[in-house]
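S.K.: Starting off with a structure, shown below.
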Amino acid sequence: MPPRIYLLEDDGSLRELLAEVLREELGARLEVCATMAELQTHCQAARPDLIVADFWGTSHLTLDDAERSEITALTEIAPVVLVSARNWALDAQAQELGLVALLTKPLDIDGFVTVVRAAIAAMPLLGSP
C-alpha cells in the first residue's frame, strides 16, 4: 500500500508542485494542507506515515523554544521531513530536532524526491505490527 503523506506548505504554487511530485514520483496517498490547523485536523482523523512540512516560524535567524516544541509535537505524530527558507535551517541538524531530514529552500526537486523516497524506504513495513 502506498504511504500516507501529509504535506503542509503555505505557498500555493509550491504546494501544488510538491503534491504533484509526491503523487506522480512516489505514488503517495496525499493530504495537502495550507495551514497548521488543517494538518492537525487531518492528523486527528488518520495518522500519516510521513509528514512533509514547510516551517512556519517567526524568526529567520533563530529557532526559539516554542518553535522547537511545535516541531517536536509533529515528530510525535509521524516521521517529519521539514522544509524551511529560514536562515537558522542552514546550520541546524535534522537529528537534533528529531527530524528525518531538514531541507532548505529553494528546493532541488530531485533532491527532495530522493530524501522523501529514502524516508519511505526506512519506514517499517506499512500495516505490520
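The values are calculated or read from the model by the stated rules, or taken from the named source; none is laboratory data. This one's a predicted model, so the numbers in the text were calculated from it and none came from an experiment. So basically every Cβ, Gly included, is an ideal-geometry build from the backbone, and we count neighbours across all protein chains shown. Surface accessibility is based on the protein's heavy atoms, side chains included, excluding ligands, DNA and RNA. Shrake-Rupley method; radii C 1.70, N 1.55, O 1.52, S 1.80 Å.
S.K.: Taking Cα atoms of the chain, Rg/Rh with Kirkwood Rh, to two decimals? Walk me through the numbers before you get to the answer.
M.R.: Details: Rg = 13.7 Å, Rh = 14.8 Å.
Rounded to two decimals, Rg over Rh is 0.93.
S.K.: If the chain between V113 and T62 were fully stretched, how many nm would it gain, using 0.36 nm times the residue separation less the Cα-Cα distance? Don't jump to the answer; show the numbers that get you there.
M.R.: Values: separation 51, 0.36 × 51 = 18.36 nm, distance 2.72 nm.
Gain on stretching V113 to T62: 15.6 nm.
S.K.: Could you let me know the centre-to-centre spacing of region 60-86 and region 1-46, using Cα atoms, in angstrom?
M.R.: So the separation of the two Cα centres works out to 17 Å.
S.K.: With both partners inside the chain, how many of the DSSP beta bridges are antiparallel, as a percent to the nearest 5?
M.R.: Working: 0 of 17 bridges.
Bridges in the chain that DSSP calls antiparallel: roughly 0 percent.
S.K.: On a full-extension model of 0.36 nm per residue, what is the gain between S13 and A121, subtracting their alpha-carbon distance, rounded to one decimal in nm? If you can, show how the numbers build up before the last one.
M.R.: Numbers: separation 108, 0.36 × 108 = 38.88 nm, distance 2.74 nm.
Stretched fully, the S13-A121 segment lengthens by 36.1 nm.
S.K.: If each of E38 and A73 carries a label point 7 Å out from its Cα toward its Cβ, how far apart are those two points in nm?
M.R.: So the two model labels end up 1.8 nm from each other.
S.K.: Got a sec? What order do D108, D54, D65, D11 fall in by accessible area at 1.4 Å, biggest, i.e. largest, first?
M.R.: Numbers: D108 100, D54 15, D65 120, D11 75 Å².
The ranking, largest first, comes out as D65, D108, D11, D54.
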